[in-house]
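The values are calculated or read from the model by the stated rules, or taken from the named source; none is laboratory data. Predicted, not measured: the structure shown is a model, and the values here were computed from it. Cβ placement follows ideal geometry from the backbone for every residue including glycine, while neighbour counts extend to all protein chains displayed. Only protein heavy atoms, including side chains, enter the accessible area calculation; ligands, DNA and RNA are left aside. Shrake-Rupley method; radii C 1.70, N 1.55, O 1.52, S 1.80 Å.
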Amino acid sequence: LQLESNLPRSDLLEVADSVGVDGTSPEVLRKKGAVIRRVTPREGYGLGLVRRPSYLPDGYAADAMLLSSSPRGAKLLAYYRRSLTEYEASTIRITHDASVSELPPSSEEFVNVSLNGTIARWSVERSELEWIDGRIYRAVAVPGWDIDTALRIAESLR
């Protein structure tokens, strides 16, 4: 059984508890040599891998973060949502990945843009801007938004 909702996690757990099915929500997942765990935004920002955006569209705030650690490096996915919004359709995701040192090849068509002195690539198909920042892969996915919004968020990651 899987439940999805735009409710805050505490409310979702309360609803899940009322369903009458025994189960657990694992604190840590182990997959292919990686350890994946949920961290609070405070913990995530404290890692030094993540840069807090100083710009997000109105009403958006950090909602959840997933930290993946493997021998190759750490990866953090930060999810930003508005309250009472669709679950995935309008979630902004910022990826910080120290295990990737170059942009992966792809058959997609990209638009190259200048971002803080480096070249980033915009995927119209995925509504995602991605670039290498020093030795860290970063990406800003903005479903339902445009390249200008993605650039503004990316430029605010200082």
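Given points 7 Å out from each Cα along the Cα-Cβ axis, report the E125 to L3 separation in nanometres with one decimal.
3.6
Please compute the length gained on full extension between N112 and S156, using 0.36 nm multiplied by the number of residues separating them and subtracting their Cα-Cα distance.
Length gained between N112 and S156: 14.0 nm.
Stretched out fully, how many nm does the piece from R135 to S54 gain, at 0.36 nm a residue minus the Cα gap?
Length difference between fully extended and current span is 27.0 nm.
Which one, V35, W131, S114, projects farthest toward the positive side of the charge dipole computed for the chain from Cβ point charges (K/R +1, D/E -1)?
V35
Computing the accessible area with a 1.4 Å probe over protein heavy atoms, can you report the carbon and sulfur percentage for the chain?
Carbon and sulfur together cover 48 percent of it.
Given only helices, namely DSSP H runs of n ≥ 4 each adding -39500 (n - 2.57), what is the per-residue ellipticity at 222 nm of the chain, to the nearest 500 deg cm²/dmol?
Taking each H run of at least 4 residues, the total per residue is -4000 deg cm²/dmol.
For the chain, what is the accessible area per residue in Å² when the probe is 1.4 Å?
With the other protein chains kept in place, the chain gives 63 Å² per residue.
Please say if the range 63-158 is rounded, prolate or oblate, where rounded means a/c under 1.5 for a ≥ b ≥ c the square roots of the C-alpha gyration tensor eigenvalues, and otherwise the choice is prolate for a/b larger than b/c and oblate otherwise?
It comes out oblate by the Cα gyration axes.
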